[in-house]
Structures are given as C-alpha cells and as structure tokens.
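Let me begin by presenting the structure, written as structure tokens, before commenting on it.
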Amino acid sequence: MVGNRDASYINLVAACQGILASGSTPPDVNTLRPFIGFGQIYSLQNAANSSYNAFQTTLRRTRGPLILGVSYTYSHSIDEASDRSDNTFVNTLDLASNRASSDFDQRHLLNVSYVYQLETLFQHIRNFWAHIDDKPDETGSFPPLPPLPGNKLSGLGRALWEGWELSGITTFQSGTPFSVVNGGGNNGIGLPDNAGVANGIGPGSFPDIVRGAPAPKSSQISGSFGPLLGNPSQFVAPRGLTFGDAGRNFLNNPHRLNFDMALLKHYKITERSELEFRAEAFNIFNHTQFRIFDPNNPGNSGNNVINCYGGANYNAGYQGPATDCLTGNSFLHPVDAHRPRTLQFGVKFSF
C-alpha cells in the first residue's frame with residue numbers, strides 16, 4: 001500500500017490512466033506533478049559521450065587506359081545522444097541505457113571509382129573485325145593480330161573514334177540505424193508510456209523483443225505503401241511499468257547499392273581549346289532504394305512507431321479476425337526512397 005503523495009503511486013496512476021474502470025475519469029497528469037502549476041520542466045545537459053573507431057583503406061591503380069580507385073571504411077560510432085536536442089530518451093535518469101549505435105552510424109562504406117579511355121577498346125574492336133576472315137595456318141592457329149594502328153586514322157575517323165571516356169562511381173552503404181517506438185494503441189494499456197514516468201518528452205517506451213518470431217508470409221500488404229521491410233512480429237507491447245527492451249536504434253534502414261556513370265566525348269578544336277560533351281546517369285540501373293526512417297526528417301517518423309498490437313501477447317504483426325495490425329499499416333514500410341534514375345546532358349567549352 002502506498003500513500004497518495006508517494007512517487008511510486010504517482011507513477012502507477014500515470015501509467016494506468018488508460019485502463020481505469022469503466023465510467024471513471026482518468027486523472028490529469030499535471031495534477032500528479034510535484035510542483036503544481038508547472039506543466040513541464042526541461043533540463044538540457046552536456047552529459048552524453050561518444051566513441052568512434054574505424055578501419056580505412058584506399059587503393060589506386062593505373063594500368064594502360066584504366067584508372068581504378070577503391071576506398072573502404074569499416075566503422076562504428078556509439079553514443080548516448082547524436083544531437084543536443086535528441087528526443088529518444090525514455091529514461092533520463094539512466095543515460096547508459098540510451099547508449100547504442102549513433103543515428104548516423106554506417107558500418108560499411110565502399111566506393112569504387114574508375115575512368116577508362118575507350119579509344120584503346122575501339123582500336124582493338126576495329127583490329128579484330130579487320131581480321132575476322134583470317135584463316136588458321138597448318139597448325140590450326142590463327143596468325144597474331146598486328147599492332148594497333150595508333151593515329152593512322154583520317155581526320156573524320158579521329159573525330160568519330162578518339163576522345164571517348166567512360167567514368168563512374170559505385171557505392172555500397174550500410175543503412176543508418178533508427179529506433180522502434182511504442183506508440184500505444186491497443187497495447188492493453190493505451191498509452192505509449194508503459195514505464196509510467198509520464199515525462200511527455202519524446203517516446204515514452206520501446207517495445208519488447210521476441211527472438212525468432214516468424215515474419216508475415218508476404219511482404220506485400222494490402223492498403224500499405226510499398227513492401228514490408230522488416231518483421232513486425234518480433235515486437236510486442238512492453239510489460240507494464242517498463243521501458244521495453246528493444247532499446248534505442250534497434251533496427252537499420254536497408255543498405256544502399258548505387259551506380260553513377262558518365263560518358264564523355266572530347267573534341268579537340270585547336271591546340272588550346274576543347275569541346276566536351278557529357279552524358280551522365282545517376283542510379284543508372286534505377287534500383288529502388290527504400291528508407292524506413294529518414295534521419296534528416298525526424299518529424300516524419302510514423303513508419304517506426306507501433307500503434308497496433310493484437311493477439312494474446314499483443315504482437316505488432318498480428319493479423320486476425322478481431323484485430324488486423326498489418327492491412328493499411330505504415331509500420332516498417334518505406335517512408336520514401338533515394339533518387340530514381342536521373343539523366344543529364346551537358347556541353348563544356350574550354351579555351
């Protein structure tokens with residue numbers, strides 16, 4: 001038994017507002033605060049710390065007409081807050097419980113860049129077709145091809161075949177992490193604050209995790225935008241008076257594989273002037289690269305918030321006759337995608 005002014009009683013009442021007996025009126029949380037008349041008191045402290053460790057390597061090789069560069073970074077950034085106004089704290093009295101991968105953490109980052117002078121390739125192709133009708137000798141071998149003709153081309157031939165260049169950048173990036181937040185809904189308590197602290201700042205609690213829970217049979221959910229990009233069945237409503245064990249930045253956005261390429265043609269006008277034609281393609285293969293959570297737009301965070309639980313254990317992936325948490329739900333569906341294929345053309349005159 002606890003008194004009406006005991007802190008545990010205040011937290012208990014705040015946590016249980018949503019399940020009071022039928023016909024009762026939930027108390028106003030502000031009336032439960034120790035300083036009547038003050039709605040919320042914010043405290044901003046420089047108390048968090050961070051660490052960053054990385055392995056980085058860069059390779060560069062030039063061989064004939066090809067220039068190839070490769071850079072790779074394996075890193076891990078860990079902190080308790082990635083921004084001074086970070087609002088992912090659910091337990092402000094325990095900073096260590098908020099320690100996780102940083103909001104901007106990218107474990108793997110690989111870049112492959114290349115520049116290839118196509119003139120040599122074109123010369124090999126011309127040389128091959130010029131001797132396509134050659135007959136094998138008595139040993140069954142074909143005679144070796146003569147050396148490349150070099151600059152033995154007419155003015156028109158040089159204008160057509162010389163000066164071509166292919167370049168590009170291929171990028172692989174790990175997805176940035178984000179938090180899965182308990183949004184309340186029909187979780188048996190009706191409030192996102194299952195911990196009962198009623199701080200009113202950011203999320204009140206995270207969900208609990210069920211390891212090995214089977215995922216929905218299909219990623220195409222009726223009434224929802226885009227495919228399902230995670231397993232909602234592994235999340236259940238947190239136990240009462242707890243913050244949930246999923247923790248901060250539990251999931252990651254999908255990884256990204258992107259190809260940007262450019263085709264250039266150089267026309268020599270005079271010894272000191274040149275005309276360059278460029279055809280550039282960004283995401284040339286038009287790979288769809290979804291995001292569940294956009295770290296640059298935290299306000300658009302509905303796809304990482306659980307607002308529906310169902311079944312005996314209040315599961316976020318439950319789909320039954322009485323409760324359907326999948327159809328039309330945005331949880332773990334893409335909020336947007338990286339840029340689609342974009343083409344641009346340009347002409348540059350250098351003198």
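Would it be correct to say that residue 209 is in contact with a helix residue (DSSP H, G or I) (Cβ under 7 Å, 6 or more places away or on another chain) and at pLDDT 70 or above? When the stated conditions are applied, residue 209 passes them. Checked across region 256-263, the condition of being within 18 Å of residue 335 (Cβ to Cβ) and within 14 Å of the chain's Cα centre (by Cα) holds for at least one residue.
From the set of residues in region 317-336 that are touching a residue at least 60 places away in the same chain (Cβ under 8 Å) and among the hydrophobic types (A, V, I, L, M, F, W, C), which is farthest from residue 285 (Cα to Cα)? Please lay out each step first, then the result.
Here is the first cut: in region 317-336, the ones touching a residue at least 60 places away in the same chain (Cβ under 8 Å) are 317-319, 323, 325-334.
Restricting the remaining residues to those that are among the hydrophobic types (A, V, I, L, M, F, W, C) gives 325-326, 331-332.
Working: 325: 35, 326: 31, 331: 28, 332: 25 Å.
Ranking the qualifying residues of region 317-336, first place goes to 325.
Can you tell me which residue among 260, 294 is at pLDDT below 90 and out of contact with any Lys or Arg (no Cβ under 9 Å at 6 or more places or on another chain)? None of the others qualify; the one that does is 294. When residues in region 211-238 are screened for being more than 16 Å from the chain's Cα centre (by Cα), in contact (Cβ under 8 Å) with a residue 40 or more places away in the chain and either under 28 Å from residue 172 (Cα atoms) or surrounded by 15 or more Cβ atoms within 10 Å (Cβ to Cβ) (or both), 14 of them pass. Looking only at residues of region 82-98 that are touching a Gly at 6+ places or on another chain (Cβ under 9 Å) and assigned to a loop (DSSP other than H, G, I, E, B), we find that the one that is surrounded by the most Cβ atoms within 10 Å (Cβ to Cβ) is 90. Only one entry in 283, 231 is modelled with pLDDT of 95 or more and at positive phi, namely 283.
Residue count for region 72-82 under the criterion of being touching an Asp or Glu at 6+ places or on another chain (Cβ under 7 Å) and at pLDDT below 95: the result is 1.
The values are calculated or read from the model by the stated rules, or taken from the named source; none is laboratory data. Quick caveat: nothing in here was measured; it's all calculated off a predicted structure. Neighbour counts are summed over all protein chains in view; Cβ atoms, including those assigned to glycine, are modelled from backbone coordinates with ideal geometry.
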